[in-house]
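To start, the structure itself, in structure tokens.
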């Protein structure tokens, strides 16, 4: 039986997710009232978080016994130093927070509590009582209220463990939190930063709004604090960085994380895809300019700006247009503007191609580009008439009458292209953003970025492409598909720039250097998944693939090719699925830009039943 009370609590609270209360008008506008209600009921059933917790996130006696057995077998048991700053927090919640630490399965920890001149005398007596009862709890007090950085640095000086973390004085750790962290340290002894999934907690103790995060996702990390509330740092590295910095009240943790990733390799940043932190939401915490981790947006942008300057990237940080609590980074244009070769395979349908080219010529503000049209056997007079009116100084037409092979056609064109930047484009694309090319170029010109994808819409205003998740739908799929304009998606992921394992070649930009390094598209994938395979090979070659929502286009979805419904086409499609599963099978289990606690069956970031990595085994 569904827990409707918990489900509708979740519906009310999940402001940044599919069924957030602020998204209800958009959902009903898209689906109509009756279909919208059915959609919500199905979504709520798939996302009954209370039932999911009971099935997959309960530390029962068997799991606890197995955890203790593992701890005894470890050759190293790293001490974890937890830092907590107390400043007039509610005594009852402070007590629960400390007790959640004492209840940990893994017991090699210390809690360093700094009382920042709390007025409530009950706080001092409570803390002293815990310190007398438990030698692992050490309490110090400041004579006057101080900035968070000063208090945290004071606790850091007293820390004796090789790893440290901040625990907010009203938040809770589940009993298996420190065990999982210590286990990750043992598995990754060079780890510099460890972070986990988390959820929220009402004042009454009800868990809701799980945030299932990606692995290290640099672009998304700049758009929002992707590490969240529980970040575990190597203490020696923090000392080398000079500790926490003043002037970042409320975002000291985020600022530190940005400084850490400047110093370490990506493989030293470890994500544990388990809910190991419960962020308590107090009724007083209603400030409008607070992001999903309760952090001041303007100070977060200051931290990002300084990080970009230190990294040599530069860039301007501003509120994200559709979600001002988050961020948009705009990189400066390269000193020498590169030539972009836009490659468009086509076959007849002059109406579509004409729309595509007219929007390209009329709306694109970047002028350093050429267009290469690969004509794959057009026979209609209207197509030839269109070709005759195109500007010869801007457009080159290549004729190829062989059977359609998307990969071969693009490879052929790239060999003849003059640009240092390649842009693959479908003939059914309609440009919406005049500065789309500048936007995509700003990412494509970064030396560590490979493929760049755009945000594509269906003509009726629903979302068609916002990145590609590997494994979704069996091989690969588009998350947030069919969401209407104005919908933020899962924790803002439909409106924020971010890394993905793949993007669609309906509009894909890449440097020629990366294209040639992986030898272009695989011509054995004639129709489907060639773009996904290409992106995965680019990623394997050491580049990140990025999707930006700020380059927008309408996509008329392969209108000139039609549907793959004939027996021959379906057989070929099955063969291409088999090839992808053979080549990339392991990568399809858990995409680093997704989360094993999220489903492969639906494209709306619903919960996975069961997760592909879970605490208990589904009966």
Given the structure, is residue 34 surrounded by fewer than 18 Cβ atoms within 10 Å (Cβ to Cβ), at pLDDT 70 or above, farther than 30 Å from residue 190 by Cβ and not assigned by TED's automatic domain parsing to the domain that holds residue 173? yes
In region 75-91, what residues are part of a loop (DSSP other than H, G, I, E, B) and surrounded by 14 or more Cβ atoms within 10 Å (Cβ to Cβ)? 77, 78, 79, 87, 88, 89, 90
Residue 440: passes all of (1) surrounded by 22 or more Cβ atoms within 10 Å (Cβ to Cβ); (2) in a loop (DSSP other than H, G, I, E, B) but (2)
Of everything in region 77-91, what is out of contact with any helix residue (DSSP H, G or I) (no Cβ under 6 Å at 6 or more places or on another chain) and modelled with pLDDT of 95 or more? Give them in sequence order. 77, 79, 81, 82, 84
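Conditions tested, residue by residue: (1) without any contact (Cβ under 8 Å) to a residue 24 or more places away in the chain; (2) within 23 Å of residue 205 (Cβ to Cβ).
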{"position": "74", "(1), (2)": "no, no"}
{"position": "81", "(1), (2)": "no, no"}
{"position": "84", "(1), (2)": "no, yes"}
{"position": "91", "(1), (2)": "no, yes"}
{"position": "114", "(1), (2)": "no, no"}
{"position": "123", "(1), (2)": "no, yes"}
{"position": "126", "(1), (2)": "no, yes"}
{"position": "130", "(1), (2)": "no, yes"}
{"position": "133", "(1), (2)": "yes, no"}
Output for region 92-113, where each listed residue is over 19 Å from residue 158 (Cα atoms), in a loop (DSSP other than H, G, I, E, B) and out of contact with any helix residue (DSSP H, G or I) (no Cβ under 7 Å at 6 or more places or on another chain): 103
Would you check if there is a residue in region 532-541 being surrounded by fewer than 20 Cβ atoms within 10 Å (Cβ to Cβ), in the same structural domain as residue 554 (by TED's automatic domain parsing) and free of Cβ contacts under 8 Å to residues at least 60 places away in the same chain? yes
Tell me yes or no: at least one residue of region 205-224 is touching a helix residue (DSSP H, G or I) at 6+ places or on another chain (Cβ under 6 Å), under 15 Å from residue 82 (Cβ atoms) and crowded, with 18+ Cβ neighbours inside 10 Å. no
For the structure I just gave you, tell me whether residue 494 is touching a residue at least 40 places away in the same chain (Cβ under 8 Å) and more than 25 Å from residue 317 (Cβ to Cβ). no
List the helices (runs of 4 or more DSSP H) inside region 196-274, counting only whole elements, that have at least 3 residues being within 26 Å of residue 543 (Cβ to Cβ) and at pLDDT 95 or above. 218-223, 252-263
It is to be established whether one or more residues within region 122-132 are assigned to a loop (DSSP other than H, G, I, E, B) and surrounded by 14 or more Cβ atoms within 10 Å (Cβ to Cβ). no
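The values are calculated or read from the model by the stated rules, or taken from the named source; none is laboratory data. This is a predicted model, so every value here is computed, not measured. Glycine gets a Cβ as well: all are built from the backbone with ideal geometry, and neighbour counts include every protein chain shown.
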